[in-house]
Amino acid sequence: MPETSLKDTEHAEATAPARPGAWARLRQRWGVSNRGVVVILLAFSLAGLSTLKIGRPIVHMIVPHDAPGWHYWPVKLLVVLPIYEVLLLCWGTLLGQGRFFRRKLRGTLRFLWRPFRRRGRDGARPAGP
């Protein structure tokens, strides 16, 4: 096994392209400033916390306490996911990133609607958006 000196590893690290950090990748992917990243992450966290506070009582009203877990979790998913999406849109709009969250919601709805789109006679999806 060949030995590598400290000088060789320093040279390899110096010539390797620097990978941008997570913060820079988020800024680039979302197309926002540093403040925009903070606001978007804050909206995600506020929406999650709000969903926990609002969703739990609603699910407990629908599902009896002595119901098995396989009754509880599907109901929780069906109730909590729409609440989360609405609260995410509300928090994002209140914090000034409404356009970002409207695009995100539109993409989520398209993804969820994909299995229910009509197919042509040949089984292919229709052309267009």
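Coordinate-derived values only; no laboratory data. Every value quoted in this text rests on a predicted model; they were computed, and no experiment measured them.
Grab the Cα-Cα distance for residue 38 and residue 23, subtract it from 0.36 nm times how many residues apart they are, and report the gain in nm with one decimal.
Computed gain between residue 38 and residue 23 is 4.4 nm.
5 Å is the cut-off here: which amide hydrogens, built 1.01 Å from N in the peptide plane, fall below it relative to residue 95, excluding neighbours closer than 5 in sequence?
none
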